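Worksheet: one structure, shown below.
The values are calculated or read from the model by the stated rules, or taken from the named source; none is laboratory data. Note that the coordinates shown come from a computational prediction; the quantities given were computed from them, not determined experimentally. Glycine also receives a Cβ, built like all others from the backbone with ideal geometry; neighbour counts cover every protein chain displayed.
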Amino acid sequence: MIFQRGHFRSDRIQKGFVNESLAQSRKFDSSTAFSAKPTVFLSHKHDDLEDLNELTGFMEVLETLGAKIYIDSLDNTMPDQTCGDTARRIKEIIKYCNKFILLATEKAIASHWCNWELGIGDTHKYIKHIALLPIKEVGEYDSQYKGNEYLEIYPRIDYRDGTTHYRNNGGLIPKGYYVCEPKNSEGITYITPLKQWLND
């Protein structure tokens with residue numbers, strides 16, 4: 001499944017939620033990685049912050065599952081202009097976070113920074129601790145999504161509505177979010193509940 005923009009809707013007052021996340025990002029350092037909560041580096045195209053509802057909606061999903069989230073665009077310790085210090089801090093935080101998730105909108109897939117961050121995530125997290133959240137534009141078919149090649153090599157976050165079945169035993173897959181590995185040589189996709197994946 002490729003999520004359509006608008007799937008994630010925030011139930012919170014956005015300004016308060018973003019301010020709370022900003023306060024957490026300001027205090028985030030390598031020691032945060034050793035807190036009781038799993039930590040997630042959430043990579044995204046900064047222009048996508050125009051759609052705060054999408055971003056905060058997905059952040060709520062992660063926080064509900066017990067994760068602590070780092071978003072570089074909300075970190076006021078970053079330099080005003082991107083430079084070597086920006087890259088060094090991002091590398092450090094990706095390295096120490098437990099998980100790396102790319103909010104894989106079309107803008108993010110075209111972004112040099114997001115691809116660079118994905119490369120760092122690939123180096124430090126591949127394959128057990130990295131996932132893509134594919135998001136297509138409203139009205140697009142899945143086949144039009146420009147990140148399909150990424151989905152062939154990286155795990156992705158998916159949603160099951162409680163009506164699909166496991167292939168091996170025919171049992172119903174419970175409703176919820178899952179991390180799906182790329183298909184193996186036998187065409188089988190292994191899935192892990194998102195909450196379990198965050199804590200693995």
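Kindly evaluate L198 against the criterion of being in contact with a Pro (Cβ under 6 Å, 6 or more places away or on another chain), at pLDDT 90 or above and closer than 20 Å to E63 by Cβ.
yes
Conditions: (1) surrounded by 13 or more Cβ atoms within 10 Å (Cβ to Cβ); (2) out of contact with any strand residue (DSSP E or B) (no Cβ under 9 Å at 6 or more places or on another chain); (3) modelled with pLDDT under 90. W116 meets all but one. Number of the miss?
Single failed check for W116: (3).
Would you point out the residue of the stretch 63-88, among those that are at pLDDT below 85 and of a type in the set (D, E, K, R), that is surrounded by the most Cβ atoms within 10 Å (Cβ to Cβ)?
D72
Would you check which residues across the stretch 86-119 are more than 20 Å from L62 (Cβ to Cβ) and aliphatic (A, V, I, L, M) and list them?
A87, I109, A110
What residue, of Y177, Y190, Y150, Y154, is closer than 23 Å to L118 by Cβ, among the hydroxyl-bearing types (S, T, Y) and touching a residue at least 60 places away in the same chain (Cβ under 8 Å)? Spell out the reasoning first.
Working: Y190 fails: touching a residue at least 60 places away in the same chain (Cβ under 8 Å); Y150 fails: touching a residue at least 60 places away in the same chain (Cβ under 8 Å); Y154 fails: touching a residue at least 60 places away in the same chain (Cβ under 8 Å).
Step by step, each of Y177, Y190, Y150, Y154 is checked, and only Y177 is closer than 23 Å to L118 by Cβ, among the hydroxyl-bearing types (S, T, Y) and touching a residue at least 60 places away in the same chain (Cβ under 8 Å).
Filter the stretch 127-147 down to the residues that are of a type outside the set (D, E), surrounded by 13 or more Cβ atoms within 10 Å (Cβ to Cβ) and under 18 Å from L103 (Cβ atoms) and list them by number.
Selection gives H129, I130, A131, L132, L133, P134, I135, K136, Y145, K146, G147.
Quick check: is even one residue across the stretch 94-105 modelled with pLDDT of 90 or more, aromatic (F, W, Y), within 15 Å of H44 (Cα to Cα) and buried (at least 17 other Cβ atoms within 10 Å of the Cβ)?
yes
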